1. Between rounded, prolate and oblate, where does the range 139-179 land on the alpha carbon gyration tensor, with a ≥ b ≥ c its root eigenvalues, rounded for a/c under 1.5, else prolate if a/b exceeds b/c?
2. Percent of Cα-Cα pairs per 10 Å bin, from 0 to the last occupied bin, for the range 1-155, please list those.
3. In square angstrom, rounded to the nearest 10, how much accessible surface does Tyr194 have for a 1.4 Å probe?
4. Give me the angle, in degrees from 0 to 90, between the Cα long axis of helix 68-77 and the longest principal axis of the Cα atoms of the chain, rounded to the nearest 10.
5. Using 0.36 nm times the number of residues separating Val205 and Lys167, minus their current alpha carbon distance, what extension gain do you get?
6. So for the range 3-84, taking the charge dipole from beta-carbon charges (+1 Lys/Arg, -1 Asp/Glu), which of Ile5, Phe44, Ile20 sits furthest toward the positive end?
7. In whole percent, and with a 1.4 Å probe on the protein chains, what portion of the accessible area of the chain is carbon and sulfur?
8. Quick check on the range 13-79: take the gyration tensor over C-alpha atoms, sort the square-rooted eigenvalues as a ≥ b ≥ c, and tell me if it's rounded (a/c under 1.5), prolate or oblate.
Amino acid sequence: MQQVIIIGASGHGKVVADTILQSGDRVRGFLDDNPELGESFIGFPVLGTVDQFVDYPDTKFVVAIGNAKIRENIVEKLAGVSWYTAIHPRAVISFLDTSIGEGTVVMADAVINAGAKIGNHCIINTGAVVEHDNRIEDFAHISVGAKLAGTVHVGKGTWIGIGATVKNNVEICEECMIGAGAVVVKNILSKGVYVGVPATYKQEVR
Ligand SMILES: CC(C)(COP(=O)(O)OP(=O)(O)OC[C@H]1O[C@@H](n2cnc3c(N)ncnc32)[C@H](O)[C@@H]1OP(=O)(O)O)[C@@H](O)C(=O)NCCC(=O)NCCS
């Protein structure tokens, strides 16, 4: 059994906590910089601020913060810690040539199919489908119920919104936001927010 500290006491943090428990591991508590948090969060101790990670050398960590840039900054700050990869026992992960990087979380009912490679500190959210031969770069987030057909490439820190669909063989560059329910049918090679069916450029990422 592994002991895990979750960074980020939020709604996403709750789902990560549940995923850890369902995997048979132990949640030691949360670290979060929000001064308004009490002493406990969903029944687990709030141990202090993110800087207090140094007080727990014998523990694994996972960052449960949706914003990719914040997630990346925290990962840089905590360089050298041991990262926990949270995989819900009800996620379906092919035995054939898949890999899932450290610090990544894979929620219930997610599917990761043969040949798919998932980077570090990604979120493969509840019911997301990552089809065969996808490449998902570090810090990307595939939201609840999003579907990526075969051989899709999702760039670093890109967020695929809830229920979005990406056609096979499509590339989406780094730091994009694909809106809820969008359908991506062509390569997206410039950073930005893309929405609609088919997805088109809407605005800069804020
Ligand atoms: C795309 C998104 C990031 C834009 O958010 P925002 O920057 O706050 O933008 P706004 O809500 O001000 O909307 C800006 C414009 O885009 C449109 N828009 C926003 N989201 C859209 C979507 N998903 N599909 C189509 N149009 C959308 C708005 O209607 C608005 O259009 P207008 O300028 O013609 O009035 C957001 O709406 C979204 O889809 N987020 C997904 C969240 C998600 O997946 N969460 C799940 C986590 S598991």
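The values are calculated or read from the model by the stated rules, or taken from the named source; none is laboratory data. Remember, predicted model here, so these are calculated numbers, not experimental data. All Cβ positions, even for glycine, are placed from backbone atoms using ideal geometry, and neighbour counts span all protein chains on display. Keep in mind that these areas ignore ligands, DNA and RNA; they rest on the heavy atoms of the full protein, side chains included. Shrake-Rupley method; radii C 1.70, N 1.55, O 1.52, S 1.80 Å.
1. Taking the square roots of the gyration eigenvalues as a ≥ b ≥ c, the range 139-179 is oblate.
2. 12, 43, 32, 11, 1
3. 20
4. Approximately 40 degrees, to the nearest ten.
5. Values: separation 38, 0.36 × 38 = 13.68 nm, distance 2.22 nm.
That works out to 11.5 nm of additional length.
6. Ile20
7. About 53 percent, which is the carbon plus sulfur part of the accessible surface.
8. Here the range 13-79 falls in the rounded category.
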